[in-house]
Each structure stands twice: as C-alpha cells, then as structure tokens.
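Structure first, then comments.
Nothing in this text is a laboratory measurement; each read-out follows from the coordinates by a stated rule. Nothing here was measured: the structure is a model prediction, and the numbers come from that model. All Cβ positions, glycine included, derive from the backbone under ideal geometry; neighbour counts span all protein chains shown.
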Amino acid sequence: MRIRPGWLYSGSITPIDQPIARIGLDNSATQGTATESVTGQPDRALLQLREFIDSGGYAPGDRLPAERQLINSLGITRNALRKGLDELEREGAIWRHVGKGTFITAQENAQAFSGLQALSNQVTPIQMMRARLALEPAIAREAAANASAEALQKILSARDRS
C-alpha cells in the first residue's frame with residue numbers, strides 16, 4: 001500500500017488533520033493521560049494516589065510510604081501504582097530517588113507543570129506546529145530589532161556559516 005505525502009498511516013489512510021484513534025485514550029474535551037488503559041486500572045490508581053496525598057497532609061519534601069504499603073492501603077496492583085507514580089512524577093507533583101523513596105515536591109511547581117500538561121493534552125501536534133510557525137518568526141524579528149550591535153554581528157556570522 002502506498003501512502004501519499006501529507007497523510008498518516010493508522011491502519012487506514014487518515015488525513016493528517018484528523019486525530020488518530022489511540023486505544024485507551026479518551027478523545028473528549030478532557031483528554032486522558034498516558035497512564036490510561038482499557039481497564040482503567042492505572043487511572044483509578046492515579047486518582048487514589050492523588051486523594052491519598054491530598055488527605056495525608058503531606059508537605060513538600062515529605063516522603064511517601066513504600067510501594068508495598070501503598071499497594072496494601074490503596075488496594076491496587078504494583079504495576080498500576082508504578083504507572084500512577086510515573087504520571088505524578090511527570091506532572092511534577094513528586095520526585096523519586098532509587099533506594100531513598102518518593103517525595104512530595106513544592107506545590108507551586110506541581111501546579112505550574114500540571115497546567116502546562118493539561119494544555120498539551122488539548123493541543124494536537126499540528127495545532128502546536130501552526131502556533132509555532134505563527135509566533136517564532138515574530139519573536140525572531142523582535143529579538144533582532146532589539147539586539148545589540150555585538151549580538152547582530154553574531155547572528156550574521158552564524159548565518160554566513162550555514
């Protein structure tokens with residue numbers, strides 16, 4: 001089967017502007033996380049972990065219980081727990097150190113990253129590329145207009161080298 005340029009292959013020919021269906025992901029306005037599965041077990045684990053942390057009164061720098069204790073108290077599988085912890089780490093809510101444990105991060109860092117993560121779930125790669133194509137030339141133009149003579153000289157020498 002030949003695939004025409006500008007088209008993505010997803011089992012059938014789909015125009016690039018149409019989203020490709022991904023098993024286990026919710027394509028509604030509130031897009032799912034990377035931890036979702038067909039059974040929903042990792043999502044449940046993520047929700048339970050968030051509730052556990054929120055209700056536990058943990059402060060930034062506090063250590064969470066060991067994985068075995070979390071599995072027993074939350075009633076989830078080790079795999080689901082680890083996927084939930086992975087997602088919390090990606091969100092910036094926790095950080096992990098092998099051999100030392102899992103620790104709570106500063107809340108403002110987690111909230112800032114969480115907002116960025118939520119935004120990235122709502123924007124497709126095509127939309128992101130279109131936004132970049134609209135913004136980046138204007139940013140470069142503004143930077144060049146406000147650059148010092150020395151900075152302009154560096155820009156010109158870099159352009160001449162390429």
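Observations on the model:
- Residue order, fewest to most beta carbons within 10 Å, for 136, 87: 136, 87
- Charge context of residue 74, other residues only, Cβ under 15 angstrom, K/R +1, D/E -1: +1
- Sorted by Cβ density within 10 Å, fewest first, the residues 155, 94: 155, 94
- By the beta-carbon count within 10 Å of each Cβ, the least crowded to most crowded order of 154, 83, fewest first, is 154, 83.
- Computed packing ranks the peptides 141-152, 69-80 as 69-80, 141-152, most packed first, by mean other Cβ atoms within 10 Å.
- For region 54-102, the relative contact order comes to 38 percent (Cα pairs under 8 Å, sequence separation of at least 6).
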